[in-house]
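In what follows, a single structure is set out as structure tokens and then discussed.
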Amino acid sequence: MSKPQVGDTVHVHYTGRLSDGEQFDSSAGREPLVFTLGSGMVIPGFDAAVAELEVGGKTTVTIPAEEAYGPHADELVQTVPKDFFQGETPEVGWVVQLQSPEGQVMAASIEAIDDEGVTLDLNHPLAGQDLTFDLELVEIGGEAPGCDCGDDCDCDAPASSAFS
């Protein structure tokens with residue numbers, strides 16, 4: 001059997017765990033994750049680990065934060081005035097969508113609320129964490145999902161996935 005090559009469509013079953021053993025995602029009981037190897041559709045360490053497997057092959061790999069969602073960036077934690085929420089009463093733990101001046105949509109979690117305002121964290125929820133994955137390469141071939149931006153899209157971006 002051969003290993004997948006960059007540009008191949010791969011079908012992978014996975015279970016992702018944090019360093020304390022807590023499971024954060026899994027394809028168990030679902031269809032495998034399908035993506036194009038080397039396209040940036042998944043985090044770099046996941047992509048590299050799958051590239052080393054043959055069909056039917058299994059491995060467990062720990063991906064350092066730098067090859068996953070990167071380090072937690074303090075500059076992505078910002079405080080906004082409470083009136084930013086236009087009459088709604090925000091709550092700690094909410095995940096809100098924000099739009100940059102360039103039109104990019106970003107998710108932010110509400111980390112704290114005090115007299116100064118509302119503290120938002122725009123880091124990915126898994127930023128700064130090493131991730132461990134149990135991987136199984138199920139198949140090479142077939143079609144990978146394409147861009148899911150909509151009919152007016154010209155972004156050339158890969159489809160979003162659990163790991164992008």
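Classify region 74-121 from the C-alpha gyration tensor, please: rounded if a/c falls under 1.5, else prolate or oblate depending on whether a/b exceeds b/c.
prolate
Residues of region 115-134 with the amide nitrogen closer than 18 Å to a label point 7 Å from the Cα of V80, along Cα-to-Cβ, please.
115-125
Starting from the Cα of T89, step 7 Å toward the Cβ, then list every residue of region 107-137 with an amide N under 19 Å from that point.
110-119
Answer with one residue from T119, V96, Q78: the one whose Cα lies farthest towards the positive end of the charge dipole of the chain, charges on Cβ with Lys, Arg +1 and Asp, Glu -1.
Selected residue: V96.
Treat every Asp and Glu Cβ in the chain as -1 and every Lys and Arg Cβ as +1, leave all other atoms uncharged, and give the resulting dipole magnitude about the Cα centre to the nearest 20 debye.
Magnitude of the dipole: close to 560 debye.
Please report M106, M41 as a ranked list, fewest other C-beta atoms within 10 angstrom at the top and most at the bottom.
Least to most surrounded, the residues fall as M106, M41.
Pull out a ≥ b ≥ c, the square roots of the eigenvalues of the alpha-carbon gyration tensor of the chain, then state rounded if a/c is under 1.5, prolate if not and a/b is larger than b/c, and oblate in the remaining case.
In terms of gyration-tensor shape, prolate.
Over all directions, the average projected area of the alpha-carbon convex hull for region 1-91 comes to how many nm²?
Result: a mean projected hull area of 9.1 nm².
Summing Lys, Arg as +1 and Asp, Glu as -1, what charge do residues with Cβ under 9 Å from the Cβ of L37 carry, L37 excluded?
Taking every other residue near L37 into account, the sum is -2.
If the elastic network links every pair of Cα atoms under 10 Å, which of S100, S19, S39 fluctuates the most in the Gaussian network model of the chain?
S100
Measuring from label point to label point, each 7 Å out along Cα→Cβ, what is the S19 to A51 span in nm?
2.5
Suppose a student asked you for the relative contact order of region 74-121, using Cα pairs under 8 Å spaced at least 6 residues apart; what percent would you report?
For region 74-121, the relative contact order is 42 percent.
Going by how many other Cβ atoms sit within 10 Å of their own, how do D83, D47, D134, D20 line up, fewest first?
Exposure proxy ranking, most exposed first: D20, D83, D134, D47.
Provide the FRET efficiency to the nearest 0.05 for the T60-E139 pair, computing r from the beta carbons and using R0 = 22 Å.
Calculated value: 0.65.
Values quoted throughout were computed directly from the atomic coordinates according to the rules given, and no laboratory measurement underlies them. Remember, it's a predicted structure, so these values are computed and weren't measured experimentally. Please note: Cβ atoms are built from the backbone with ideal geometry, for glycine as well, and neighbour counts cover all protein chains shown.
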